[in-house]
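Here the structure is laid out as structure tokens; the discussion comes afterwards.
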Amino acid sequence: MKLYFAPNTRAVRIAWLLEELGLDYDLERMTLGDKAMRAPDYLAVNPMGRVPTLVDGEVTISESGAIVEYLLARHGKGRLVPAVETQDFAAYLQWLHFAEGMIMPQINVIMVETVFLPPERRNEVNVKRAMKLLNQMLGAVDAHMAGREFLAGDFSGADIMCGHAVIVSERLGADLSDKVNLPPYIARLSGRPALQKARAL
Ligand SMILES: N[C@@H](CCC(=O)N[C@@H](CS)C(=O)NCC(=O)O)C(=O)O
């Protein structure tokens, strides 16, 4: 298996999962913003020129949430997914998809408007709106986490997807002061050796 990876990106999710599962993989290390990500040989692997991408034999797959579901279905041997007949399974799907569907769109706007655009093209209104929405989304995670250690029963792929989005939100300066359940959740996830390994890649 080969993981196209760049540090401090969504590719950390996949390295984290591979480490949790103890699967062997080769790392194709890239750098965000580097020309190599738009080079024809990489565009042949991922036409968006983005990371993560996973190549597993004949399979090439991108989209971090899809890769998480693929790896767990194909190589997970039942680990890190609640049983389908339990209520936790619905929670697992909901929070796994909440990451890219509801949290990361706000992060994208904040990154574009505070880092990627040249100062003269940045729009403060967009940042404020994205921060407000981000706060609402994190509020939903916080409310769900009351009395829970993880999003869907035991630690699962949902924590890798949504937990990573929560960690990134905190790093970007999201206000967690009224979200009592999120700092301990972040600490719980950050203590996992598999995440520490993925972050050090
Ligand atoms: N929804 C995609 C997003 C992929 C994505 O945008 N990745 C970013 C890094 S976090 C990227 O490769 N950006 C490079 C670029 O925009 O040139 C996923 O979850 O995998």
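Just so you know, all these numbers are worked out from the coordinates, no wet-lab data involved. Nothing here was measured: the structure is a model prediction, and the numbers come from that model. Here the Cβ positions follow ideal geometry from the backbone for every residue, glycine too, while neighbour counts run over all protein chains shown.
One table, with the values for the structure above:
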quantity	calculated
Environment charge of GLY49, counting only residues whose C-beta is closer than 12 Å and scoring Lys/Arg +1, Asp/Glu -1	+1
Pairwise label distance in nanometres, ASP34 with SER62, each label 7 Å out on the Cα-Cβ vector	1.7
Chain lengthening between LEU27 and GLN94 when straightened (0.36 nm per residue, less Cα-Cα)	21.2 nm
The chain: proportion of alpha-carbon pairs further apart than 23 angstrom, %	46
Of every Cα-Cα pair in segment 118-201, the percent that sits beyond 20 Å	38
Rotationally averaged projected area of segment 2-75 (alpha carbon convex hull; nm²)	4.5
Structure-based [θ]222 nm, the chain - -39500 (n - 2.57) summed over DSSP H runs of at least 4, per residue, nearest 500	-14000 deg cm²/dmol
Charged-residue dipole, Cβ positions (Lys, Arg, Asp, Glu), the chain about Cα centre, Debye nearest 20	460
Gaussian network model of the chain, Cα within-10 Å springs - most flexible of MET137, MET111, MET102	MET111
Convex hull of segment 68-164 built on C-alpha atoms - directionally averaged projected area, nm²	7.1
Dipole of the chain, positive direction: furthest Cα of MET30, TRP95, PRO184, with charges on the beta-carbon	MET30
